[in-house]
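Following: one structure in structure tokens, then a few remarks.
The values are calculated or read from the model by the stated rules, or taken from the named source; none is laboratory data. Predicted, not measured: the structure shown is a model, and the values here were computed from it. Cβ coordinates were reconstructed from backbone atoms using ideal geometry, including for glycine residues, and neighbour counts include every protein chain displayed. All accessible areas refer to the heavy atoms of the entire protein, side chains included, with ligands and DNA or RNA removed. Shrake-Rupley method; radii C 1.70, N 1.55, O 1.52, S 1.80 Å.
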Amino acid sequence: MSEWRLYEVFVRSKHGLNHKHVGSVHAADAEMAMENARDLYTRRSEGVSIWVVPSDTITASASDEKEVLFDPSEDKIYRHASFYKLPDEVGHM
Amino acid sequence: MYAQLVETGAKRLKTKEEMSPEELEFQEKVDAEIKIEPKNWMPEGYRKTLIRQISQHAHSEVVGMLPEGNWVTRAPNLKRKLQLMAKIQDEAGHGLYLYSSMETLGADRDEEIEKLHQGKAKYSSIFNYPTLNWADMGAVGWLVDGAAIVNQVVLQRTSYGPYSRAMVRICKEESFHQRQGYQILLDMMREGTDEQKAMVQDAINRIWWPALMMFGPHDDESPNSQQSLAWKIKRKSNDELRQMFIDQTIPQLEFLGCTAPDPDLKWNEETGHYDFGEINWQEFYDVLKGNGPCNRERITTRKKAIDEGAWVRQAAVAYAEKQKQRANAA
């Protein structure tokens, strides 16, 4: 089956939630990928919507680039709400 | 266990001083319970061991459909038939989750399946035993899936991310298998004729020892199990898992009103575990080498399915090609 293209499968489990990556399937075309994904990943009503995406069209960050890529956000603690201490009297904000 | 005797290529464990900086960083990540993902650096031995273990596991799921397939047309009623088909469909799904996670390591699915067909890759010894009566479907679900669950629950914490996530999915679905199996036996013991009750005991007598063999040989000082444990591919030893399985299964066996074919089986107050007799290891190795009651039949059936389905796969590719051309022309 490796001669068939690989598709990554994303399933929206409930209305209002994001599609989430669940795995992959091989298929001759996108339509078959959709049917295979339904059979493989939603046998117990796990989803209300499916995306199938050819794996070779995904651009991913390399894990060894982690430091370079995410470094700029590491030292900006003032971007988090918890950085700003408020007096107790102010209450919940 | 669905993977028995997995070769790691290790002669002995490396000390931290002997590791390269990359190996050391890798080992520290594993020790800190940080999951290894496909694009992370990993030792070649780790990659190869995982490919062997996951492919064995996947092959076991796929071959595991065959003993049950034998009973689809013979199930006693429509309800049981539907349940059995759902279980078999799950096994196919489990095989596919596992092949997918194996492919993230750079292995090729067709090549690994070809190795199975050539007898170069193993699958669990349990599926080389025949399923002779309807109670076997109950005993397989309860004992074989039960043993698989004990192993797989622990494997949810395995160090390789995609394998671990496949295990989480599989475990969610597997408990239906075990319950439906136990319920088949329970119904037969509660409402069955004497003959049907005897079928239950007969099925347990035949499947008991092969189910215990699923966990693989005794723990030893072998570099393979030590390396797999150090890499956290395996999380518990074969003997620990086997003991867990026996301890949780005996009360269920007693509730059924059946016995295990093991005169040495008894509760040990001191250890808080059941003692049990020695497994016939000669039989285990014979079956693993390909000389079990059904080894040849299983592989022949698998090959036939692949070969006779070739035209379907070719037609699907031709159809997809034609659709693409039409879309381009339009």
Long-range Cα-Cα pairs in the stretch B:145-198 (distance over 12 Å), rounded percent: 67 percent
Positive dipole terminus of chain A, leading residue within A:F70, A:Y84, A:S49 (C-beta point charges): A:S49
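Classify chain B as rounded, prolate or oblate, taking a ≥ b ≥ c as the square roots of the eigenvalues of its Cα gyration tensor: rounded when a/c is under 1.5, otherwise prolate if a/b is larger than b/c and oblate if not. Intermediate values should be presented prior to the final figure.
Working: a/c = 1.97, a/b = 1.12, b/c = 1.75.
Cα axes put chain B in the oblate bin.
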Search the structure for amide H atoms under 5 Å from the amide H of B:H273, placed 1.01 Å from N in the peptide plane, and list their residues when 5 or more places away or on another chain. B:N268
Other protein chain Cβ atoms within 10 Å, averaged over every residue that makes up A:27-35: 3
State to the nearest 20 debye the size of the charge dipole of chain B about its Cα centre, where the only charges are +1 on K and R beta carbons and -1 on D and E beta carbons. 1520 debye
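Nothing charged except the Cβ atoms of Lys and Arg (+1) and of Asp and Glu (-1): what's the magnitude of the dipole of the stretch B:165-249 about its Cα centre? Round to the nearest 20 debye. Walk me through the numbers on the way to the answer.
On the way: 12 positive and 13 negative charges, 114 e Å.
Dipole magnitude for the stretch B:165-249 comes out near 540 debye.
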Descending Cα extents along the principal axes, the stretch A:1-82, whole Å: 47, 32, 15
Report, in cubic angstrom per residue, the convex hull volume of the C-alpha atoms of the stretch B:291-330. 42 Å³
Computed D for the stretch B:115-248, Stokes-Einstein, Kirkwood radius over alpha-carbon pairs, 4 °C, 1.567 mPa s, to the nearest µm² per second, is 80 µm²/s
The stretch B:245-250 - phi-based ³J(HN,Hα) in whole Hz, Karplus 6.51/-1.76/1.60, Gly and Pro as x: 4, 4, 4, 7, 8, 4
All-pairs alpha carbon distance profile, the stretch B:3-59, 10 Å steps from 0, percent: 21, 49, 28, 2
For the protein assembly as shown, count the residues as N, evaluate 2.2 N^0.38 Å, and divide the Cα radius of gyration by that value, please. 1.11
Label points 7 Å out from Cα along the Cβ direction at A:S82 and B:D286: separation in nm? 6.2 nm
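With a 1.4 Å probe and all protein chains left in place, how much accessible area per residue does chain B have, in Å²? Before the final figure, lay out each step's value.
On the way: 15600 Å² over 330 residues.
For chain B, the per-residue accessible area is 47 Å².
Helix-only estimate, please: 222 nm mean residue ellipticity of the protein assembly as shown, summing -39500 (n - 2.57) across DSSP H runs of length 4 or more and dividing by its residues, to the nearest 500. Present the calculation step by step, with values, prior to reporting the outcome.
Values: 16 runs with 227 residues, N = 423.
So the calculated ellipticity at 222 nm is -17500 deg cm²/dmol.
Show me the three semi-axes of the equivalent ellipsoid for the stretch B:1-131, from the C-alpha gyration tensor (sqrt of 5 times each eigenvalue), largest first, rounded to whole Å. Please list the in-between numbers first.
Working: eigenvalues 266, 46, 32 Å².
That gives 36, 15, 13 Å for the three semi-axes.
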Multiplying the sequence separation of B:K48 and B:D187 by 0.36 nm and subtracting their Cα-Cα distance, what value in nm do you get? 45.5 nm
Rounded to the nearest 0.05, FRET efficiency between B:L13 and B:A330 (Cβ-Cβ, R0 56 Å) equals 0.35
